[in-house]
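Notes to accompany the following structure.
The values are calculated or read from the model by the stated rules, or taken from the named source; none is laboratory data. Since we're looking at a predicted model, the values are computed, not measured. When we count neighbours, we look across all protein chains shown, and the Cβ atoms used for this are built from the backbone with ideal geometry, even at glycine.
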Amino acid sequence: MVSFFTIIAFANSTIKLIVNGSEIKPDVPPQIINGRTMVPIKWVAEALGAEVEWDKQKKIVKVSFNKKVETDLISNYLRTAETSKHFVENFAHALQERNGAVARLFLNPKIRWQIKPEIIGPSTPVTKVEIKEVSYSNYYWVYNVKAYYGPYDNNSPTLAFEIDLTVEPERYPDGSAVSSRYFITKLDWIKGKTEFIPNY
């Protein structure tokens, strides 16, 4: 799913419009006007999966996204992080807040069914999260995430859940990694509460 575009200006004043690593050549080229780069909205919006309509009477352009495109754009925003660990921290925070609708957007679409698409609660709040990098290769990271309740009434913290996550960088069609964008590609529930798992 495309979620961003880049404009590159060269010394010879040629401006290139790059969407998801591929150059787009609109019928009206991008222009610099008063120090701002102007691009045709139709070409950019359609490259992002939107539908574009021109209303002659009102003289306005209507840009609309379907639900899948909106979901993918939100997912792309959530999955942007400085490091893979920062990405996992953001995912763990969504689980800590019991927001399955947000947490599942960190997952590769093929495994999103593994988390309920709803907010779970109210329940005992998670007060502590531990994240540990278990292994790393050139292609992925594995993190162990433990979340705890408490401590309450002089009792030690209690394990709420433990999961192992496989995290991979998002990739362009040519196989190169998208900078600072990740997916959870494998989710292994180890211990604790499984309230996020469908049909439990």
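Before moving on, here are some points about what is shown:
- Filter pass, Tyr143 being in a strand (DSSP E or B) and touching an Asp or Glu at 6+ places or on another chain (Cβ under 7 Å): yes
- Output for segment 78-96, where each listed residue is at pLDDT 85 or above, part of a loop (DSSP other than H, G, I, E, B) and not polar (S, T, N, Q): Ala81, Glu82
- Selection within segment 185-200: residues that are part of a strand (DSSP E or B) and over 14 Å from the mean Cα position of the chain (by Cα). The member of this set that is modelled with the lowest pLDDT is Gly192.
- The residues in segment 129-158 that are modelled with pLDDT under 95, in contact with a Phe, Trp or Tyr (Cβ under 9 Å, 6 or more places away or on another chain) and charged (D, E, K, R) can be counted, and the count is 2.
- Residue count, segment 84-102 (criterion: touching a residue at least 24 places away in the same chain (Cβ under 8 Å) and of a type in the set (S, T, N, Q)): 2
- Selected residue (criterion: modelled with the lowest pLDDT) from residues of segment 54-72 that are in a loop (DSSP other than H, G, I, E, B) and more than 25 Å from Ala101 (Cα to Cα): Lys59
- Scanning segment 168-184 for residues that are over 17 Å from Arg104 (Cα atoms) and part of a strand (DSSP E or B) yields Arg171, Ala177, Val178, Ser179, Ser180.
- Test for Phe161: is it assigned to a strand (DSSP E or B), at pLDDT below 90 and buried (at least 18 other Cβ atoms within 10 Å of the Cβ): yes
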